[in-house]
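**Student:** Below is a structure I'd like to ask you about.
The values are calculated or read from the model by the stated rules, or taken from the named source; none is laboratory data. The model shown is predicted, which means the values in this text are computed figures rather than measured ones. All Cβ positions, even for glycine, are placed from backbone atoms using ideal geometry, and neighbour counts span all protein chains on display. Surface accessibility is based on the protein's heavy atoms, side chains included, excluding ligands, DNA and RNA. Shrake-Rupley method; radii C 1.70, N 1.55, O 1.52, S 1.80 Å.
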Amino acid sequence: KLIIQIPCYNEEKTLAETYSDLPKRIEGIDEIEYLIINDGSKDRTVEVARNLGFHHIVSFKRNKGLAKGFMAGIDACLHLGADIIVNTDADNQYCGADIEKLVRPILDGKADIVIGERPIDDTEHFSWQKKKFQHIGSWVVRLASNTKIPDAPSGFRAYSREAALRINVINDYTYTLETIIQAGHNRTAMMSVPIRTNPETRKSRLFKNMWAYIKRSASVIIRSFMMYKPLKFFGILGTIIFLIGAAIGVRFLVFYLSGTGGGHIQSLILSAILILMGVQTFIVGLQADIIAANRKILEDIQYRVRKMECSESQSILSTPMYLIDETEVALTSENIKGDKSNE
């Protein structure tokens, strides 16, 4: 069972085009369903989705952002029994026919996560600055995650059920970068396939300008790296500070041995402060590493609980609607099979 999820925010004008481009049949897939995440839209997005024939609708009362919407969609797809989940955009940026390329490695048992690689350099509506920053950002994510994904910001991706059960997005901005770093840390089988893109239908709503995007993306990468590889992060930082302090200390010793150290006492003080800061930073890294070990245990518990919860919910969930309230999942009466004793 494949469920294709589409995060939406005021997408009444482009949703029909996106829907018409989605595959209706894929070899190796028995059942295909479509789901939208209505992220507090103010227009007719939900009405358009119902008229088009979307099987499921996850709806927020107010806008919560792409990351929250993505995770709500993943959770809904898991409860609805999806074996493979594909995420695509509502602006029809990605070619729907290429969804088959995404799911094929999962069907063949070669990967649990497949990410579409856009032809960034050949995309006409991308400015040269955006192309360069996309490449640089992907390179940084590859270093942080120890993976070989060439297009990290791509939102066109497929997850096996096993991989989806382990996803845990912390930031409120975007899921694209953090999930790759997390998957790399967990050694999840991940690969990339070349995909096509369609002409631009509207400007991106994820960021106001390129610098805002770089700032937010950099904070996500650094935070994710600190979470999943804290000892390496703080160890490198502490070593740099320690070496700078040691170099200043050596400089003071040179002046002191030459008999002119009296005028460089401030260098000795600065050296001592930096060396202490370096040692303290390394100790923070050790503490963070212990916390990361506990986080790994919590993530494993979350995976097991989510797996049991989703397995049980498959027996009571059906089509056609799946709504999410402000604080918790709420199932409409149309989703419940049998009498109230089954709720």
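**Student:** With P(r) over Cα pairs in 20 Å bins from 0, in percent as the read-out, I listed (i) 33, 57, 10; (ii) 27, 50, 17, 6, 0; (iii) 25, 46, 26, 3; which label goes with the value calculated from this structure?
**Tutor:** Given (i) 33, 57, 10; (ii) 27, 50, 17, 6, 0; (iii) 25, 46, 26, 3, the structure-derived one carries the label (ii).
**Student:** Another one. Would you kindly find the accessible area of Tyr19, with a 1.4 Å probe and non-protein molecules such as ligands, DNA and RNA excluded, rounding to the nearest 10 Å²?
**Tutor:** Answer for Tyr19: close to 40 Å² accessible.
**Student:** Just reorder His185, His56, His264 by solvent-accessible area, largest first, 1.4 Å probe, all chains present.
**Tutor:** The most accessible residue leads, giving His185, His264, His56.
**Student:** When ligands, DNA and RNA are left out and all protein chains stay put, how many square angstrom of accessible area per residue does the chain have with a 1.4 Å probe?
**Tutor:** 52
**Student:** Based on DSSP H assignment, which helices of the chain show an axial Cα extent of at least 18 Å together with a mean Kyte-Doolittle hydropathy greater than or equal to 1.6?
**Tutor:** Span-like helices, by this rule, are 230-257.
**Student:** Using a 1.4 angstrom probe and counting only protein chains, how large is the accessible area of Met226 in Å², to 10?
**Tutor:** 70
**Student:** Roughly how many debye, to the nearest 20, is the charge dipole of the chain about its Cα centre, given +1 on each Lys and Arg Cβ, -1 on each Asp and Glu Cβ, and no other charges?
**Tutor:** Using only the charged Cβ atoms, the result is roughly 1320 debye.
**Student:** Looking at the chain only, what percent of DSSP beta bridges run antiparallel? Nearest 5 please.
**Tutor:** Percentage antiparallel, nearest 5: 30.
**Student:** Now a separate question. Could you work out what % of the accessible surface of the chain is carbon and sulfur, using a 1.4 angstrom probe and leaving DNA, RNA and ligands out of the count?
**Tutor:** 58
**Student:** In addition: Go ahead and estimate [θ] at 222 nm for the chain from helices alone: -39,500 (n - 2.57) per DSSP H run with n ≥ 4, summed, over the residue count, rounded to 500.
**Tutor:** Using -39500 (n - 2.57) per qualifying helix, the result is -16000 deg cm²/dmol.
**Student:** For Cα pairs less than 8 Å apart in space and 6+ apart in sequence, what is the mean separation divided by the residue count of the range 188-310, i.e. the relative contact order in percent?
**Tutor:** Relative contact order for the range 188-310 comes out at 28 percent.
**Student:** Kindly report, to the nearest 10 Å², the accessible surface of Glu200 as traced by a 1.4 Å probe over protein heavy atoms only.
**Tutor:** Surface accessible to solvent at Glu200 totals approximately 80 Å².
**Student:** What's the percent breakdown of Cα-Cα distances in the range 58-155 across 10 Å bins, shortest bin first?
**Tutor:** With 10 Å bins starting at 0, P(r) equals 13, 36, 39, 12, 0.
**Student:** Relative to the present Cα-Cα distance, how much length would full extension add between Arg295 and Asp30 at 0.36 nm per residue of separation?
**Tutor:** Computed gain between Arg295 and Asp30 is 91.7 nm.
**Student:** Given a Förster radius of 22 Å and the C-beta distance between Lys232 and Gln280 as r, what FRET efficiency does 1/(1 + (r/R0)^6) yield to the nearest 0.05?
**Tutor:** 0.80
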